[in-house]
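Beneath this line is the structure, given in structure tokens, with notes to follow.
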Amino acid sequence: MKSRRDDPPGRYFHSDRVVLARGRWYVVTRERMDVGPFATREDAEAVAAELAQALDGIEDANVALALIREFIRRRDASLRPAD
């Protein structure tokens, strides 16, 4: 697997990282984390692009994992109904 430093300038997401499983869409990160589910492919692709932008320039895998976990935590919190 290529390291982040091998990616060309102008970060992009890989469309093969957006997958359909059990009728829902997921983003599979380079770090092999699943982000989702999403109702549509377009929603998953939008999140994949957001993650790619957030991870731009991060070469340390531990930092990337922490950022992805925080991204998921915030996304999940925003989807919960307010008390």
Inset, instruction - For the stretch 29-43, name all the residues that are of a type in the set (A, V, I, L, M) and within 16 Å of ARG73 (Cα to Cα). - result: MET33, VAL35
Legend entry - Members of the stretch 44-80 that are among the β-branched types (Val, Ile, Thr) and closer than 13 Å to ARG17 by Cβ: VAL47, ILE68
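None of the figures in this text is laboratory data; all of them are computed from the coordinates on show. Please read these numbers as outputs of a predicted model, since none were measured by experiment. Backbone-built Cβ (ideal geometry, glycine too); neighbour counts: all protein chains shown.
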